1. Using the Karplus curve 6.51 cos²θ - 1.76 cosθ + 1.60 with θ = phi - 60°, what ³J(HN,Hα) values do you get for each residue of region B:268-279, in whole Hz, with x for Gly and Pro?
2. Compute the angle between helix A:68-77 and the longest alpha-carbon principal axis of chain A, please, reported from 0 to 90 degrees and rounded to the nearest 10.
3. Quick one: compute the contact order of region B:231-334, relative version, from alpha carbon pairs under 8 angstrom and 6+ residues apart, as a percent.
4. Where a ≥ b ≥ c are the square roots of the eigenvalues of the C-alpha gyration tensor, would you call region A:192-241 rounded, which needs a/c under 1.5, or, failing that, prolate if a/b is larger than b/c, or oblate?
5. Would you list, by chain and number, the aspartates and glutamates whose Cα falls below 14 Å from the Cα of A:Lys251, excluding same-chain residues fewer than 8 positions away?
6. Give the average, rounded to an integer, of partner chain Cβ atoms located within 10 angstrom of each Cβ in A:165-176.
7. Tell me, B:Glu410, A:Glu294, A:Glu100 in order of fewest to most beta-carbon neighbours within 10 Å?
8. Would you mind checking A:Lys37/A:Lys163; B:Lys287/B:Lys378; A:Lys50/A:Lys71; A:Lys50/A:Lys73; A:Lys37/B:Lys295 for any pair whose Cα atoms are more than 29 angstrom apart?
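Please treat every number below as a calculation from the coordinates, not as lab data. Note that the coordinates shown come from a computational prediction; the quantities given were computed from them, not determined experimentally. For neighbour counting, all protein chains shown are included, and Cβ atoms are generated from backbone atoms with ideal geometry for every residue, glycine included.
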Amino acid sequence: MKLTKSIRNAVLLGIACVFASASFASEKEVDLVTFTKEGGNFFNENIILKEALEEKGWKVNIVSTGNCVNKLKHLAQSSNPSIVLYADGTYVARKKLGCEMQITDQALVAPVSAGTRVMCVRADDPAKNLVEFFTSRDEVSVARSNTTPLLYVTDLGNVLNKKVKDVVYNGSGNAFKGLLAGDVDAVFNGLTKREAKSDKVKCLAQWGKTTTAGIATVQSQVSGLEHPLSWSYRFIMGANLSDDTKSMIAKDILDATKTSDTLSNYINSASAVPGYELTEFNAKTVLDAAAMIE
Amino acid sequence: MSDVTTLLSLDSIVVACGLILGYIAGLIPGVGLIVLLVLTYPFLLDLSLLQMVLFYMSAGVAGQFAGSVSATILGVPGETSSLPAVKEGHALFINRQGNFAISGAAIGSAVGAFVTLAFVLAVMPYIIDLIVNYFNNNVQLTLLLFASVIVIFLYGNDWAMNTALFSFGIWLGSIGYNQHLMRFTQEAWIPYDLLPDLKFGLPFFPVIVALYVIPVMIVATDFKVSQHFKTYTDLSTVVEHLISYCKTIKQSLSGSFIGSILGMVPHVGVVLSTNIAYGITRRSREKQGQYINGKGDLPSLVAAETANNSAQFVQLLPLILIGIPISTSEAILLSLIDTKNVVINHTNFVATGLFDTMVWYFIMVNFVCLMLSWPLVKYVNWFNKFSMRNIFLVTLALLVILLFYMGYREMSGVYYLVTFLVLLPIGYLLRHTETICIVLGFILGDKIIESAKIFYVIWFT
């Protein structure tokens, strides 16, 4: 009888400890839901984000869903606090597949970075600036990826009164290769280290507010543009997050974009603006950027 | 001095880890370099630029050596580029020649690596311009179309059937949302709303297992093997194995040449060069009356494996010379490098001497992998003690489990399984045709469409 009672008490104590430890552990625990193939650039960024959050004391479980349809199914069925790394280009691509996440201020957690776009030409091109480059040709062929908006290029062509041939590649890396190999005259891509630091290309203009990575803004060279600014955003969306958890994650992500070696280096390598500097960021910001791509 | 010694030791440890993990990953079907990099990603973040590249290089080389082992013994591709090893290596194994299959593949791989290295060093002053021009869309489209024609005319004797199979492969590969056409293909009769998984296309592994691996295994297992063979331990000396390889040296060197040229075709270079080298050698031997389908052909296998390893090295060059990755695994490597806030290019990697260090380790890794293959050479035929039927059944079970697991990791286990089961009867019915044409059509189709579209836009609009 005494033994049974002791065993019962021990079991109850054990169960209590498990629940206590579980509730303690889950205070800073979140699922990071990915929806792209393992090994892709976007998937790797998820791993970097995971590292950054773990530095802030979070327990991060990567949940790989493989595609956006599975992601939505999983988020609908799961009750775990979950976050998803997203981008405006990703949103547009998933919209075409019919499995985009709805971008609302409630679902939006925090910005990670904002990258601008650049137009680059081969390093041996004699043009010293954008206007000189365009005026030296009857027609300009421009490579871009399928998630890079065309309207900035056509806007430029209209203002400079030059026919622009749009050559679309599968991915910005292929577009960059196309420029190097002489398929096209220029490339219009998101600004990354590949564009900023390559000795094979020179970037004549970028669509940001100020000179970045030594590249002058397009609006300082060409006036009358309808769309002188172009941003591409990386941000975190959330699901099943309480207000407190959402605030905690947002604070830590913004802090990580400043202090985490891996995350801040990754953002800096793209010459992007880190999340903590993006003070006026909301759902409308993202939807406006996405509308440009559509 | 002690700092230099410490650094050298660290680099060696990294190379050793890459070699061991890469070999294990290559042995396990469906794992491979991409999965290995993803699994080790957090640990690789702490490495230096050189160490990251060394890990990648050693894991990639070891994976290629190991991939042909599982293909030979089990008939299961360890890497997607070991499809010829599935056909010829496994057939040789069933015919009690598994020891020569493994030694030939291993020596060929090592020779391919060294020959390609010598070639690269010889053209180093011009290599950046060569690489840049190679990426030209006209060049890429020509190579892809040339490769397609070669595939159709090289395999077997029925080019009409091969054309149909290749087209079937392209059609299978086109299912889903097409990024270049920017719409869903075949919407009229593929119910994407009912079956949303199809929006993302058919998964590669179930396709090659159903349409290539299983049909090849069935044909190989049908082949009647002499029952008088009693010896399972390899009694041949190292010299005899070297002589056996030397009889295939012409095919090996041609494989190395093909691997060096085609290895830089983005995303498909290794698969393409392996299969083209295999196809050319096989065709040549068929014309000489020396190729017997289903018995296993060592020269064809050696050509493929040599091309395989040559392409593996050449594929790395665009990344380390101009910072452009041309495969998924290289893209992972580049994302790792990006976290170090350094740039990888000729100036930072070659001019600083890091490339020379990589070359020395590359030579060493190939030697070590060759040595690692030797115990397998001695004892591989012991697996023949089991009946072929049992090996086939075990392999089939392993394949089904693997492909379900691969899908399960992305919450698509059932989808992978259903794709496999739907395509399997087709693979069975086509087992006496060259189903490799389907696989290559599946892989190349998308690249051909993209390249053709770009060609049209550049020249005709």
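1. Residue by residue, region B:268-279 yields 10, x, 5, 4, 5, 5, 4, 6, 5, 4, 5, x Hz.
2. 30
3. 33
4. Verdict is oblate for region A:192-241.
5. A:Glu54, A:Glu55, A:Asp243, A:Glu277
6. Whole-number average of other-chain Cβ neighbours for A:165-176 is 5.
7. The order, fewest Cβ neighbours first, is A:Glu294, A:Glu100, B:Glu410.
8. A:Lys37/A:Lys163; B:Lys287/B:Lys378; A:Lys37/B:Lys295
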